[in-house]
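First up is the structure itself, then whatever we jot down about it.
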Amino acid sequence: MRRYHPWIFSGAIGHTTGSPAEGDVVEVNASDGTYLATGHWSPGSIAVRIFSFIKCDADREFFLGKIKAAYNYRLIAGIAERDDTDTWRLIHGEGDGLPGLIVDIYGSVAVLQAHSAGFWHIRQMIAELVTEVLEGRITSVYDKSEGTLPFMAHLGALNGNLAGEDPGSSAVVTENGFKFRVDWKTGQKTGFFIDQRDNRELLSKYSKGRNVLNMFGYTGGFSVYAMKNAALVHTVDSSAGAMSLADENVKMNFGDDPRHKAVTADAFSYLAEMKKDYDLIVLDPPAFAKHQNVLTKALQGYRRLNAIAMERIRPGGMLFTFSCSQVVSRDDFRRSLFVAAANTGRTVRIVDQMGQPADHPVNIYHPESEYLKGFILHVE
Ligand code: SAH
């Protein structure tokens, strides 16, 4: 606590006064009674998620200040007011001192995702504050918390519009000048992997003239950037819905271009059958480890996946490889890449390292905030 980590685990609590319900605002005191922090209560293993280390009322004014600060930071970081990008994250949980709350902006629609009962209870107020802070830039706030709230809380949450006009289910947004259809109703997360924006841009630096495989391609984020200059781009994902959106997204930017093909397939079967067809491979799998207890298995998964890609990539090929598992550290991930490389015996060099963009800031007191790790590897 005194080092500002925003989580208190249940085992660290000496005693509880009163009987807080899930989502209640609670104060945390040291054993000598001095005030430490204020946060949301939860009966799970993370018992309190801290949003203030200074005594506060946790009222409308308090959260208005937090949301204003999050917005100002994104203005300073050059993200919230760009002509070529209207897709960005306004609130990134712990990274913005609001553990349990995500708000993403898709053009004129904000999508809110509560990961804790505390923020779900005050979602209406948060929606109003977001609308106020963005001063007319957004016309709707959609709540997509149904799948992210703690299951045991039995909150009966239903996704739906919280403020403003009905936003429908999708919109065409702009990222670095490229167009994407984002479907917040049926898509993953809040609809789009905004966190890969800078890494996608980096990809187009390396994709010129190359045969690109975008594995775990989802709606074709990396594929659209590669289409700028690649010889061919194959997008692969196990979700047929994602593949049809990937096709639509490529078409929206490049028309009916024969260089692109979307394939619905399982990654491991596709890679097992693949010949040395590609000289740029993107591997952006879903989180292999959601909990610490499956870390070893997850690391094996990363090693296996990367080993096949390193084995099959053409000489001189580039690998863009990611892990978005919060419990896998950058060192852990790098070690599994090292073992994968050693097993193939090929000469592998680290060209660059990738992370999260500035609108997904890492709270220095909460190392777990650094969930997205990526390496660009050159394979001889
Ligand atoms: N790179 C994407 C995000 C990838 S998210 C972007 O920038 O938008 C991970 C994707 O992996 C999801 O779309 C999911 O459908 C897909 N996936 C999960 N398991 C898979 C498997 N076994 N084979 C292929 N795709 C899989």
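Checking each residue of the stretch 151-160 against the condition of being assigned to a loop (DSSP other than H, G, I, E, B), modelled with pLDDT of 95 or more and over 27 Å from Thr264 (Cβ atoms) gives no match.
Residues that are touching a residue at least 40 places away in the same chain (Cβ under 8 Å) and among the aromatic types (Phe, Trp, Tyr) number at least 2 in the following strands (runs of 3 or more DSSP E) confined to the stretch 283-380: 317-323. Residue pairs whose Cβ atoms lie under 9 Å apart, separated by 6 or more positions or on different chains, with the first residue in the stretch 143-165 and touching a residue at least 60 places away in the same chain (Cβ under 8 Å) and the second of a type in the set (Ser, Thr, Tyr), are Pro150/Ser42; Pro150/Ser116; Ala153/Ser42; Ala153/Ser116. When the stretch 137-173 is filtered for residues that are in contact with a Ser or Thr (Cβ under 6 Å, 6 or more places away or on another chain) and β-branched (Val, Ile, Thr), the ones remaining, listed by number, are Ile138, Thr139, Val173.
Somewhere in the stretch 369-378, is a residue within 14 Å of the ligand (Cβ to nearest atom), touching a helix residue (DSSP H, G or I) at 6+ places or on another chain (Cβ under 7 Å) and of a type in the set (A, V, I, L, M, F, W, C)? Among the residues of the stretch 369-378, at least one is within 14 Å of the ligand (Cβ to nearest atom), touching a helix residue (DSSP H, G or I) at 6+ places or on another chain (Cβ under 7 Å) and of a type in the set (A, V, I, L, M, F, W, C), which makes the answer yes. Taken over the stretch 318-335, the criterion of being under 16 Å from Leu283 (Cα atoms), in contact with a helix residue (DSSP H, G or I) (Cβ under 9 Å, 6 or more places away or on another chain) and modelled with pLDDT of 95 or more is satisfied by Met318, Leu319, Phe320, Thr321, Phe322, Ser323, Cys324, Phe333.
For the stretch 108-150, residues that are β-branched (Val, Ile, Thr) and either in a helix (DSSP H, G or I) or in contact with a Leu (Cβ under 7 Å, 6 or more places away or on another chain) (or both) total 5.
The values are calculated or read from the model by the stated rules, or taken from the named source; none is laboratory data. None of the values given here were measured: they were computed from a predicted structure. Neighbour counts run over all protein chains shown; Cβ positions are idealised from the backbone, glycine included.
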